[in-house]
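Please find one structure pasted underneath; my questions will follow.
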Amino acid sequence: MDYDVIVIGGGLSGLTAASLLSKRGLKVAVVDKSYNPGGSCGIFKRNDAVFDQGSAMLFGFGEKGFNAHRFVFNCLEEPIDILQHDYLYCLNFKGHRIHFWADIDRFAEELGTVFPSEKENIGRFYRDLTKMYQHVMVENPAYTTPDETDPKNALKSLLKHPLSYLKFIGYLNKSADSVLRHYFTDPEIFKFYDKLTSTYCYTTVKESPAVLASVMFVDNHVGGSYYPAGSTLFLPGKLEKVIEANGGEMLLEKEVVKILFDDGHPVGVLMKSGEKRFAKNLVYSGTIWNLYGKLIDANFLKPKRIQWAQAQEPTYPSVVLYATVDKRSIPEDTAPVEMLVGNPDKLDESEVTAYLFSIDDRTLCAEDEHTVIAIGPTFEKWEGLTDEAYQTQKERERARLIGVLDRRFPGFSKAIRISEVATPRTIERYTMKNGGAVAGPKQSLGQHMFHRLHTRTEWDTLFCCGESTVMGTGTPTVTTSGIAAANAILKTLNLEPFVHHHRMKNYVRIVPHPYTRDQLYSDWPEDEKAAAREANRCQLCERPGCMVAFALDIRGIMRRVAVGNFMGAKRIVDRFYAQRRVEEEDWLEAEKRCVRNDWHEPPVAIRMIIAYLRGQR
């Protein structure tokens, strides 16, 4: 066998599983189609402006609440700097700006001014949910999926707070709507909660399982909302760093097209290039439809299993606008996350969430501008279009999204400096999310939790994690699924699993905002700081001119150095020098091809960074 574990897919769940398994000393490889790890959680750049590809409103880094991300970084003993937003987000609903404060009482008080007839009920609702949440989720943290929960630990928690646990279990097959009706009668407040569940679960309150909605109604206040200081480049980058520091391999720009079987058991992967790699165990972190519809030969599947997978209803496809705008066009009271509700009566294309993380992180763009990412549903047909029709429809979507933002930020359209649109086809091409369904299968009643893909599959050598599994969508939940997959493998190998204990050293540092370029790398050693700052000037081009001269992953080196993964970057450089003779002229040629030359700026100092890495021991 080539490896102990091959992880198929380098999104957050796959990287979490791989980093934990590497930390335990297993020989791990991550295979991903993209040149950047992270899946939906990552960045791209345009003229030095940094855009988050998708997942960027992050939960799970706080001291309180369901803090799966904090748990992982503490297990990995890997430091990371994180920004905490002042509040979760601001919801623009029927002329009201509702602030989702970390203090639930403060939030309930503000919500009571919007729905005065329900003010007392709002307070009672959140008090009851908070009590249950504290008893079930906070007092005895268990970072695992329901299908992997230890019955003994579950019994101890049940006996400690039986009423809260029985209530929680009772929510398992009820809708959020049925729970809300125990508290509220005003039809308008149900529309408000529809908007919350559509944000959290991509479902209405009638579709949303109460067991999920009730936790999210509380957790996102208690736990808080976060952003990696310096961009989401650092979150997957730090996980990749741990993998490579512990001897793991990142096999990027390699697409798995088939899972290989031997004697009825998954044993390896076949890549598009024809290359084969083998492992004792596999972890799959992609969508359920790709697993049962593409990667596993139908001969190894039962027809009912194929039908079940195909019948999973996806969330609606999304369209995303990426833009930089004149800073003056964004009012001072704007939140980093603004939910814009155009039609309070139903979910339609006027519902857009705008992310303006440059409000808290000033490293993302120039001092006189803001980055804006706006995501919302699209109900247009995107398949089968001619190139001309596709571009026309794409431009319509650009204009539509800009129109929504113009209503919230008057003059927005005139303040745009850069704008691009990602359609469902774009999303699928870069993240392999079928049809552009960014959240995978809907977390609706009938296909939630145990009705979804489990951590353990029909085969004892294939494990699963990601948004298609029991925890569903959201960065803390997919991270938890990665923890569960790693622990399931560790248990089969009689190795120590990762479990929470109160003496864990904290490696997550909450830093103040607004966060500036001067703060980025400020406490690093001078030589590392100089190399990282220079590497961070790299645009991570999709078609890098610097790599045309010879087959060296310069882009990957710069990405690693920018997050402090010097060991992983050095490994690439050393391997390259071992294979060929490299002259000074080679690096000069690479620098001549750097895109920054087109801007009449000095190129990224590739020679300096390579020399620094070669000098490392």
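Considering only region 581-609, state which residues are among the hydrophobic types (A, V, I, L, M, F, W, C), in contact with a helix residue (DSSP H, G or I) (Cβ under 7 Å, 6 or more places away or on another chain) and part of a helix (DSSP H, G or I).
Trp587, Ala590, Val595, Ile606, Met608, Ile609
Can you name the residue in region 361-391 that is hydroxyl-bearing (Ser, Thr, Tyr) and not in a loop (DSSP other than H, G, I, E, B) and, of all such residues, is nearest to Thr334 (Cα to Cα)? Write out each step before concluding.
Quick first cut of region 361-391, residues hydroxyl-bearing (Ser, Thr, Tyr) only: 363, 371, 378, 386, 390.
Cutting the leftovers down to not in a loop (DSSP other than H, G, I, E, B) gives us 371, 390.
Details: Thr371: 13, Tyr390: 33 Å.
Result: Thr371.
I'd like the residue in region 361-378 that is touching a helix residue (DSSP H, G or I) at 6+ places or on another chain (Cβ under 6 Å) and over 21 Å from Ile82 (Cα atoms) and, out of all such residues, is surrounded by the fewest Cβ atoms within 10 Å (Cβ to Cβ).
Looking only at region 361-378, we keep the residues that are touching a helix residue (DSSP H, G or I) at 6+ places or on another chain (Cβ under 6 Å), and these are 364-365, 368-371, 374.
Adding the requirement that they be over 21 Å from Ile82 (Cα atoms) leaves 368-369, 374.
Values: Asp368: 9, Glu369: 21, Ala374: 24.
It comes out as Asp368.
Report the residue count in region 63-104 for those that are more than 20 Å from Met504 (Cα to Cα), in a helix (DSSP H, G or I) and of a type in the set (D, E, K, R). Steps first, please.
The first filter runs over region 63-104 and keeps only residues more than 20 Å from Met504 (Cα to Cα), leaving 83-104.
Retained after the next criterion (residues that are in a helix (DSSP H, G or I)): 104.
Right, trim to of a type in the set (D, E, K, R) and you get none.
So the answer is 0.
Within the set of pairs 6+ apart or on separate chains, which have a first residue in region 420-444 that is not assigned by TED's automatic domain parsing to the domain that holds Leu401 and aromatic (Phe, Trp, Tyr), a second that is at pLDDT below 90 and in a loop (DSSP other than H, G, I, E, B), and C-beta atoms under 7 Å apart?
So the pair list comes out empty.
Each row is one residue, and each column tells you yes or no for (1) in contact with a Lys or Arg (Cβ under 9 Å, 6 or more places away or on another chain); (2) over 15 Å from Thr457 (Cβ atoms).
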{"position": "Glu253", "(1), (2)": "yes, yes"}
{"position": "Pro266", "(1), (2)": "no, no"}
{"position": "Ser273", "(1), (2)": "yes, yes"}
{"position": "Phe278", "(1), (2)": "no, yes"}
{"position": "Asn299", "(1), (2)": "no, yes"}
{"position": "Arg305", "(1), (2)": "no, no"}
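Right, something else. Anything in region 174-225 that is touching a helix residue (DSSP H, G or I) at 6+ places or on another chain (Cβ under 8 Å) and among the hydroxyl-bearing types (Ser, Thr, Tyr)? List them, or say none.
Answer for region 174-225, where residues must be touching a helix residue (DSSP H, G or I) at 6+ places or on another chain (Cβ under 8 Å) and among the hydroxyl-bearing types (Ser, Thr, Tyr): Ser175, Ser178, Tyr183, Thr185, Tyr193, Thr197, Tyr200, Thr203, Thr204, Ser208, Ser214.
Residue-by-condition table, conditions (1) in a helix (DSSP H, G or I); (2) of a type outside the set (D, E, K, R); (3) farther than 28 Å from Gly54 by Cα; (4) modelled with pLDDT of 75 or more:
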residue	(1), (2), (3), (4)
Leu158	yes, yes, yes, no
Lys167	yes, no, yes, yes
Ile189	yes, yes, yes, yes
Asp194	yes, no, no, yes
Thr197	yes, yes, no, yes
Tyr202	no, yes, no, yes
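Matching residues to (1) modelled with pLDDT of 95 or more; (2) out of contact with any helix residue (DSSP H, G or I) (no Cβ under 7 Å at 6 or more places or on another chain); (3) among the small types (Gly, Ala, Ser):
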| site | (1), (2), (3) |
| --- | --- |
| Val352 | no, no, no |
| Ile359 | yes, yes, no |
| Lys381 | no, yes, no |
| Gly384 | no, yes, yes |
| Glu388 | yes, yes, no |
| Lys394 | yes, yes, no |
| Ala437 | no, yes, yes |
| Ser444 | no, yes, yes |
| Thr455 | yes, no, no |
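Separate question: Test Leu239 against the criterion of being more than 25 Å from His451 (Cβ to Cβ), at pLDDT 95 or above and in contact with a Gly (Cβ under 8 Å, 6 or more places away or on another chain), and give yes or no. Outline the logic, then answer.
Details: more than 25 Å from His451 (Cβ to Cβ): yes; at pLDDT 95 or above: yes; in contact with a Gly (Cβ under 8 Å, 6 or more places away or on another chain): no.
Here the answer is no, as Leu239 does not meet what is asked.
Now for a different question. Check every one of the strands (runs of 3 or more DSSP E) wholly within region 17-62 and list those with 2 or more residues that are modelled with pLDDT of 95 or more, crowded, with 24+ Cβ neighbours inside 10 Å and not charged (D, E, K, R). Explain how you work it out, then say what you get.
Details: elements: 28-32, 43-46, 49-52.
The qualifying strands (runs of 3 or more DSSP E) are 28-32.
Listed here are the residues, each with its yes/no results for (1) within 19 Å of the chain's Cα centre (by Cα); (2) part of a loop (DSSP other than H, G, I, E, B); (3) closer than 22 Å to Val256 by Cα.
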position: Arg417; (1), (2), (3): no, no, no
position: Arg429; (1), (2), (3): yes, no, yes
position: Val438; (1), (2), (3): yes, yes, yes
position: Ser444; (1), (2), (3): no, yes, no
position: Gly466; (1), (2), (3): yes, yes, yes
position: Thr477; (1), (2), (3): yes, no, no
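Then there is this: Being aromatic (Phe, Trp, Tyr), surrounded by 15 or more Cβ atoms within 10 Å (Cβ to Cβ) and over 29 Å from the mean Cα position of the chain (by Cα): is that true of Phe190 here?
Details: aromatic (Phe, Trp, Tyr): yes; surrounded by 15 or more Cβ atoms within 10 Å (Cβ to Cβ): yes; over 29 Å from the mean Cα position of the chain (by Cα): no.
Against the criterion (aromatic (Phe, Trp, Tyr), surrounded by 15 or more Cβ atoms within 10 Å (Cβ to Cβ) and over 29 Å from the mean Cα position of the chain (by Cα)), Phe190 does not qualify.
So Ala354 fits all but one of (1) surrounded by fewer than 21 Cβ atoms within 10 Å (Cβ to Cβ); (2) under 23 Å from Gln84 (Cα atoms); (3) under 19 Å from the mean Cα position of the chain (by Cα); what number is the exception?
Among (1) surrounded by fewer than 21 Cβ atoms within 10 Å (Cβ to Cβ); (2) under 23 Å from Gln84 (Cα atoms); (3) under 19 Å from the mean Cα position of the chain (by Cα), Ala354 violates only (1).
Next question, about the same structure. Looking at the structure I just gave you, is Pro336 in contact with a Pro (Cβ under 6 Å, 6 or more places away or on another chain) and surrounded by 15 or more Cβ atoms within 10 Å (Cβ to Cβ)?
Details: in contact with a Pro (Cβ under 6 Å, 6 or more places away or on another chain): no; surrounded by 15 or more Cβ atoms within 10 Å (Cβ to Cβ): yes.
Taking the combined requirement at face value, the residue does not satisfy it.
Right, next: Does Lys394 meet the test of being in a loop (DSSP other than H, G, I, E, B) and within 19 Å of Ile427 (Cα to Cα)? Break it down stepwise before answering.
On the way: in a loop (DSSP other than H, G, I, E, B): no; within 19 Å of Ile427 (Cα to Cα): yes.
Considered against the rule, which asks whether it is in a loop (DSSP other than H, G, I, E, B) and within 19 Å of Ile427 (Cα to Cα), Lys394 comes out as no.
Since Ile43 meets every condition but one in (1) touching a residue at least 60 places away in the same chain (Cβ under 8 Å); (2) within 30 Å of Arg124 (Cα to Cα), which condition does it not meet?
(2)
Report, ordered by the first and then the second residue, all pairs with beta carbons closer than 6 Å, sequence separation of six or more or different chains, a first member in region 4-29 that is farther than 15 Å from Leu239 by Cβ and in contact (Cβ under 8 Å) with a residue 24 or more places away in the chain, and a second member that is in a strand (DSSP E or B) and among the small types (Gly, Ala, Ser).
Ile6/Ala29; Ile6/Ala279
If the requirement is being touching a strand residue (DSSP E or B) at 6+ places or on another chain (Cβ under 6 Å) and outside the structural domain of Pro37 (by TED's automatic domain parsing), which of these qualifies: Gln539, Gln579?
On the way: Gln579 fails: touching a strand residue (DSSP E or B) at 6+ places or on another chain (Cβ under 6 Å).
Among Gln539, Gln579, only Gln539 is touching a strand residue (DSSP E or B) at 6+ places or on another chain (Cβ under 6 Å) and outside the structural domain of Pro37 (by TED's automatic domain parsing).
Can you find even one residue in region 133-154 that is of a type outside the set (Asp, Glu), part of a helix (DSSP H, G or I), within 29 Å of the chain's Cα centre (by Cα) and modelled with pLDDT of 90 or more?
Checked region 133-154: no residue is of a type outside the set (Asp, Glu), part of a helix (DSSP H, G or I), within 29 Å of the chain's Cα centre (by Cα) and modelled with pLDDT of 90 or more.
Of a type in the set (S, T, N, Q) and either closer than 30 Å to Val511 by Cβ or in contact with a His (Cβ under 6 Å, 6 or more places away or on another chain) (or both): is that true of Thr392 in this structure? So that I can check it myself, show each step before the final result.
Details: of a type in the set (S, T, N, Q): yes; either closer than 30 Å to Val511 by Cβ or in contact with a His (Cβ under 6 Å, 6 or more places away or on another chain) (or both): no.
No: the conditions fail for Thr392.
Right, next: Looking for something of a type in the set (Gly, Ala, Ser) and within 30 Å of Leu20 (Cα to Cα) - is there at least one such residue anywhere in region 193-215? Outline the logic, then answer.
If we filter region 193-215 for residues that are of a type in the set (Gly, Ala, Ser), which is where we start, we get 198, 208, 210, 213-214.
Next, from what is left, pick out any that are within 30 Å of Leu20 (Cα to Cα): 213-214.
Yes, region 193-215 contains a residue that is of a type in the set (Gly, Ala, Ser) and within 30 Å of Leu20 (Cα to Cα).
So if I check each of Ser214, Ser175, Ser225, which one is polar (S, T, N, Q), within 30 Å of Met558 (Cα to Cα) and surrounded by 19 or more Cβ atoms within 10 Å (Cβ to Cβ)? So that I can check it myself, show each step before the final result.
Values: Ser214 fails: within 30 Å of Met558 (Cα to Cα); Ser175 fails: within 30 Å of Met558 (Cα to Cα).
From the options Ser214, Ser175, Ser225, the qualifying one is Ser225.
The values are calculated or read from the model by the stated rules, or taken from the named source; none is laboratory data. Please read all numbers here as calculations on a predicted model, not as lab measurements. Using ideal geometry, Cβ is built from the backbone for each residue, glycine included, and neighbour counts are taken over all protein chains shown.
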